[in-house]
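The values are calculated or read from the model by the stated rules, or taken from the named source; none is laboratory data. Computed from a prediction, not measured in an experiment: that's the story for all the values here. Reconstructed Cβ throughout: ideal geometry from the backbone, glycine too, with neighbour counts over all protein chains shown. Remember, those area values only see protein heavy atoms, side chains included, never the ligands or the DNA or RNA. Shrake-Rupley method; radii C 1.70, N 1.55, O 1.52, S 1.80 Å.
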There are 2 protein chains.
Amino acid sequence: MPTINRQWLLKSRPEGPAVEREHFEKRESAIPTIRDGEFLVRNRWFSCDPSQRAWMDTETYVKPVALGQPMRSFTGGEVVESRHPGFKAGDAVTGTFGWQDYVVCDGRDELGTVTRLPKDIDLPAALSLFGITGLTAYFGMFDIGKPRAGDTVVVSGAAGATGVIAAQIAKARGLRTIGIAGGDAKCRWLRESLGLDDAVDYKAGNMRDALRERCPDGIDVYFDNIGGEILDAGLANLASGARVVMCGAIAGYGNFDDMPPIRQYHQLILKRATMQGFLVFDYLARTDEAVAEMSPWLAAGKIQNPVDIAEGFDAAPDALKRLFAGQNRGKQLVRLD
Amino acid sequence: MPTINRQWLLKSRPEGPAVEREHFEKRESAIPTIRDGEFLVRNRWFSCDPSQRAWMDTETYVKPVALGQPMRSFTGGEVVESRHPGFKAGDAVTGTFGWQDYVVCDGRDELGTVTRLPKDIDLPAALSLFGITGLTAYFGMFDIGKPRAGDTVVVSGAAGATGVIAAQIAKARGLRTIGIAGGDAKCRWLRESLGLDDAVDYKAGNMRDALRERCPDGIDVYFDNIGGEILDAGLANLASGARVVMCGAIAGYGNFDDMPPIRQYHQLILKRATMQGFLVFDYLARTDEAVAEMSPWLAAGKIQNPVDIAEGFDAAPDALKRLFAGQNRGKQLVRLD
């Protein structure tokens, strides 16, 4: 039985947008002990999410991580010891358990994400398609985007964790779906392996024209993970009555006051359109609904659940950094050794 | 009986944002004659609206005015001759009848705005509180903004035609209402004569701090007539679940591709907020509903209907220009001589 608890602590707050290894400090401490009403989780996987960058220094819907504390992270692992009536040793769990091997939990965490997994969902799937990422895609696309038969859907960041699910589930519901991603390789992957109707490389030039060509009748649902001028190109091509789903803004997580600007917001007036933000935490009670629709799609091969795995506890800071360089394809995870 | 029909024709399209007299040419022609199913309107009032600037050169929800044609404008007047079963000589009417003394109408116009007025509504009121302007304020504030008891409402352009109605009707429904306007005189007017809870002068400095001070619990409904950095200051101060009503964007009517940017759109995510545009033309069938609620407020002195009147046919181009310099207080009208 191990006796050491490895932790990545937040050591300093970034000055610029980048996430760097130097902002974290590795520490080894004793494994914490549980009291009545608590259980001990051993993490096996860390989830890498853009929101972690905001948590490093920004007051959002949750306080930033305190310096010297373990970095906040969604994780997955197993209960190794329990004095809590709802959890027993051997249970697979996910939650906001942080960058550490072991954590004591009383059944709740600060984001309300503690979940005991059904037997048939493995941890990588629970941290991607059937976790925060997939639920964000599902409720963002269907509850906020409200696509209707015949609609044209565009997803930015379509090779990223949330985008790749959002685009595939729109397609699985029969909608014409176009992804936006960086580089020809990602675009080919979206078209050829994942079956999107088309994909646009934002590095290739004029996005506004590229979207106009592909969406001559306008975009009915624009699912945004990026912000800035890619979002502007989407706004310039909205159909009347369009819904713009504000899911993420990776262009700005480092400094919300210096977000890349948008100028085409008047299109919301001209097109009677709506731009709506949401937080997945409001939808966790409806998880079953999303799992019930997405599971058969996954089983039938109508959607895939691409995960990009970094190996080992030590890889966590670099794995997180990959998101902001657009290096991941699908969900970035860290598998603990 | 006059025999001459004065018209202001669109002579050239503006290069920059400004509306100038030189873009229009005055012409005198014969009064047109009616056929079966038509009636002849004599205009008595022109309505000045920011959207007219867009109509001068931009494809929006309607084609731009063709060069050499009468400038498009909402107007009010009387039927002087009719061979149409629904209209008779003496009827007061409003519609998109253009900058001219006389116009032939078959009962419809390109924006669907032709209206025969009830006896108790005079033309200036029909072109302001009970016309497009007031209906924009009413349905924007209540249908799009969806204020709830206890909400804090902020209206930008609150001394302008639509803003001054939007702010007053929010206040009349019992909501805490703050206006944004340019200059201390306008702000005093909003507070002291129109009874808003507070008013903020955007020329006085840091709007973001000014709104934070006045709205410590955040803004629930932000009614935007302006765009740009004033809108950004509003977005930075939204309450959770806020609704941003995209009504107008006077900062950009001259060149939508060069709109002043906004950067705080990620707040829509953090605050689970919605930003929604609309066009009043979708609400004209519900005019009675708005008139029924606003008429008693006007009669009881709970709201005022401020109009700013320019005298004479020749004043039309300069009166329109006043909107873009923020010179009007309330609705800008032109009274024909």
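Worth a mention:
- Once both labels are positioned 7 Å from their Cα atoms along Cα-to-Cβ, the gap between B:Lys88 and A:Thr33 label points is 9.8 nm.
- Under the Karplus curve 6.51 cos²θ - 1.76 cosθ + 1.60, θ = phi - 60°, whole-Hz ³J(HN,Hα) for region B:72-87, x wherever Gly or Pro sits: 5, 7, 5, 9, x, x, 10, 7, 9, 7, 9, 10, 10, x, x, 9
- Region A:265-322 and region B:150-218 have Cα centres separated by 39 Å.
- DSSP beta bridges in chain A [antiparallel fraction, %, rounded to 5]: 50
- Mean residue ellipticity (222 nm) of chain B, computed from DSSP H runs ≥ 4 via -39,500 (n - 2.57), nearest 500: -6000 deg cm²/dmol
- Karplus-based coupling profile of region B:204-212, in residue order and whole Hz: 8, x, 5, 5, 5, 5, 4, 6, 4, with θ = phi - 60° in 6.51 cos²θ - 1.76 cosθ + 1.60 and x standing for Gly or Pro.
- With protein chains left intact and a 1.4 Å probe, residues in the protein assembly as shown average 39 Å² of accessible area per residue.
- Simple Cβ-charge dipole of region A:132-281, Lys/Arg +1 and Asp/Glu -1, about Cα centre, in debye nearest 20: 360
- Student exercise, the protein assembly as shown dipole from Lys, Arg, Asp, Glu Cβ charges, in Debye to nearest 20: 440
- Per-pair calculated FRET efficiency, R0 = 51 Å: A:Asp217 and B:Asp122 via Cβ, rounded to 0.05: 0.70
- For region A:332-337, Karplus couplings with θ = phi - 60° (6.51, -1.76, 1.60), whole Hz, Gly/Pro x: 8, 10, 10, 9, 6, 8
- For B:Ala239, the residues 5 or more places off, or on other chains, whose built amide H falls under 5 Å of its own are B:Ile219, B:Asp220.
- Summed over both chains, the area buried between B and A is near 3000 Å², taken from the accessible surface of protein heavy atoms with a 1.4 Å probe.
- Summarising the label geometry, the points placed 7 Å from Cα in the beta-carbon direction at B:Ile4 and B:Ala285 lie 4.5 nm from one another.
- Minimum 50 Å² accessible area buried by the other protein chains, region B:203-250 residues, probe 1.4 Å, relative to alone: B:Met246
- Shown here for region B:23-125: chymotrypsin sites (Phe, Trp or Tyr not before Pro) in loop regions (DSSP other than H, G, I, E, B) with at most 16 other Cβ atoms within 10 Å, namely B:Tyr61.
- Once the Cα-Cα distance is subtracted from the 0.36 nm per residue extended length, the A:Glu20 to A:Asp318 segment shows a gain of 106.5 nm.
- Summarising the label geometry, the points placed 7 Å from Cα in the beta-carbon direction at B:Glu293 and B:Asp184 lie 3.6 nm from one another.
- Residues of region A:273-312 that bury at least 10 Å² of accessible area when the other protein chains are present, relative to the chain alone (probe 1.4 Å, heavy atoms, ligands and nucleic acids excluded): A:Ala273, A:Thr274, A:Met275, A:Gln276, A:Gly277, A:Phe278, A:Leu279, A:Asp282.
- The protein assembly as shown: antiparallel DSSP beta bridges as a percent of all, rounded to 5: 55
- Gaussian network model of chain B, springs between alpha carbon atoms under 10 Å - residue of B:Ser240, B:Ser29, B:Ser156 with greatest fluctuation: B:Ser29
- Annotation: amide H of B:Tyr102 within the under-5 Å range of B:Arg6, B:Asn43, sequence separation 5 or more or interchain, hydrogens built in the peptide plane.
- The share of accessible area on region A:270-316 that comes from carbon and sulfur is 52 percent, using a 1.4 angstrom probe.
- Between the residues B:Ala310, B:Gly160, B:Trp99, the greatest Cα displacement towards the positive end of the dipole of chain B, with unit charges on the Cβ of Lys, Arg, Asp and Glu, is found for B:Gly160.
- Share of carbon and sulfur in the accessible heavy-atom surface of region B:110-190 [1.4 Å probe, %]: 48
- For B:Glu38, residues with placed amide H under 5 Å, excluding near neighbours: B:Arg83, B:His84
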